[in-house]
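Take a look at the structure set out below.
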Amino acid sequence: MTLSEKLKETAKYIQGKGVTSIDFGLILGSGLGELADEITDRIVIPYEEIPNFPVSTVVGHAGQLVYGTLSGKKVLAMQGRFHYYEGHSMQTVTFPVRVMKALGADSLVVTNAAGGVNTSFAPGDLMLITDQINYTGDNPLMGLNEDDLGPRFPDMSEAYDKAYGEVAKKVATELKIRLQQGVYMGYSGPTYETPAEIRMSRVLGADAVGMSTVPEVIVANHMSMRVLGITCVTNLAAGMQANLNHEEVVETTERVKADFKELVKITLERI
């Protein structure tokens with residue numbers, strides 16, 4: 001089966017569950033999936049029921065699609081994403097983004113939990129992603145390009161939509177939320193980075209590091225989707241604090257989730 005054929009099969013199944021038009025695709029990262037609980041007129045589809053979908057195995061990721069209305073917009077949210085470090089190919093990791101586009105979504109909101117590299121950041125800060133660095137050693141567009149999905153050599157000059165970013169900044173100011181902004185650097189994981197890698201990341205221009213998002217945003221750009229990216233800085237990166245663990249990630253997102261949800265909901269309303 002070609003990628004296009006798989007997409008048609010998956011989209012048809014999801015439409016058969018009652019999913020119609022979509023304004024925004026949402027990808028909700030570690031500890032941030034609760035936003036999907038606020039979607040009204042919900043249709044919930046577990047990943048294991050969807051043809052061609054893998055299953056997410058990470059703690060803090062529910063593993064289901066949630067469709068409905070949020071802030072007056074029709075959204076399809078991924079409660080839990082797929083990661084390269086789980087052993088999935090980059091094509092598998094990004095397949096849901098292609099499905100969202102096949103179902104009619106022209107915009108994507110990506111969220112994640114990440115380590116702060118910028119020395120002015122503090123755990124619990126939210127960061128508007130302005131650009132990204134692909135340090136995974138792979139690319140989801142490798143291999144045959146299906147021209148009906150996007151061009152062979154997509155432009156990544158504005159990987160994150162500037163106009164969407166401006167709206168998010170205004171909303172953050174109104175809500176008195178400290179919204180940092182910066183560059184997200186994607187590693188493959190699953191190890192956290194070493195102190196030396198963090199020093200390198202800073203030299204290369206990264207403000208935050210994580211193990212997701214970069215492949216999805218590459219694929220969204222391949223299909224001409226507009227992207228808004230928001231990071232929750234859950235900890236300071238290696239060498240900047242005593243040690244790193246996933247529990248802290250979940251704990252910090254728990255603490256800031258109210259701000260995060262408000263920021264995303266009001267931004268969605270206005271874009």
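Peptides 180-189, 45-54, ordered by how many other C-beta atoms sit within 10 Å of their residues on average, highest first, read 180-189, 45-54.
Selection among Tyr84, Thr130, Pro96 by position relative to the dipole of segment 1-149 gives Pro96 as farthest towards the positive end (Cβ unit charges, Cα centre). Here the mean projected area of the convex hull built on the C-alpha positions of segment 3-270 is 12.8 nm². Ellipticity at 222 nm from helices only: DSSP H runs of n ≥ 4 in the chain, each -39500 (n - 2.57), divided by the residue count, give -10000 deg cm²/dmol. Modelled label positions at Lys12 and Glu247, each set 7 Å beyond Cα in the direction of Cβ, lie 4.9 nm from each other.
Taking θ as phi - 60° and the Karplus parameters 6.51, -1.76 and 1.60, the scalar couplings of segment 103-115 work out to 8, x, 6, 9, 9, 9, 10, 10, 10, 7, 9, 8, x Hz in sequence order, x denoting glycine and proline. When a 1.4 Å probe is rolled over the protein heavy atoms, the share of accessible surface on segment 155-243 that falls to carbon and sulfur comes to 54 percent.
Annotation: amide H-H contacts under 5 Å for Gly63 (H modelled 1.01 Å from N, sequence separation of 5 or more, or interchain): Gln79, Gly80. Note: relative contact order over segment 3-270, using C-alpha pairs below 8 Å and six or more positions apart, is 25 percent.
Whole-Hz Karplus values for segment 161-169 come out as 5, 5, 5, 4, x, 4, 4, 4, 5 Hz, taken residue by residue from phi with 6.51 cos²θ - 1.76 cosθ + 1.60 and θ = phi - 60°; glycine and proline positions read x.
Think of a 1.4 Å ball rolled over the protein heavy atoms: the chain then has 42 Å² of accessible area per residue. First select every other residue whose beta carbon is under 15 angstrom from the beta carbon of Val117; then total the charges, Lys and Arg +1, Asp and Glu -1. Cβ neighbours under 15 Å give a net charge of -3.
Ordering of 104-115, 163-174, 142-153, 28-39 by packing is 104-115, 28-39, 163-174, 142-153, highest average first (other Cβ atoms within 10 Å, averaged per residue).
Phi-derived couplings, Karplus 6.51 cos²θ - 1.76 cosθ + 1.60 at θ = phi - 60°, listed residue by residue for segment 122-133: 10, x, x, 5, 9, 10, 6, 7, 9, 6, 9, 10 Hz, with x used for Gly and Pro.
A cut-off of 5 Å between modelled amide H atoms, ignoring neighbours fewer than 5 places along the same chain, links Gln181 with Leu128. Rounded to the nearest 20 debye, the dipole size of the chain about its Cα centre is 420 debye, using +1 on the Cβ of Lys and Arg and -1 on the Cβ of Asp and Glu.
The values are calculated or read from the model by the stated rules, or taken from the named source; none is laboratory data. Values in this document were obtained by computation on a predicted structure and should not be read as measured data. All Cβ positions, glycine included, derive from the backbone under ideal geometry; neighbour counts span all protein chains shown. All accessible areas refer to the heavy atoms of the entire protein, side chains included, with ligands and DNA or RNA removed. Shrake-Rupley method; radii C 1.70, N 1.55, O 1.52, S 1.80 Å.
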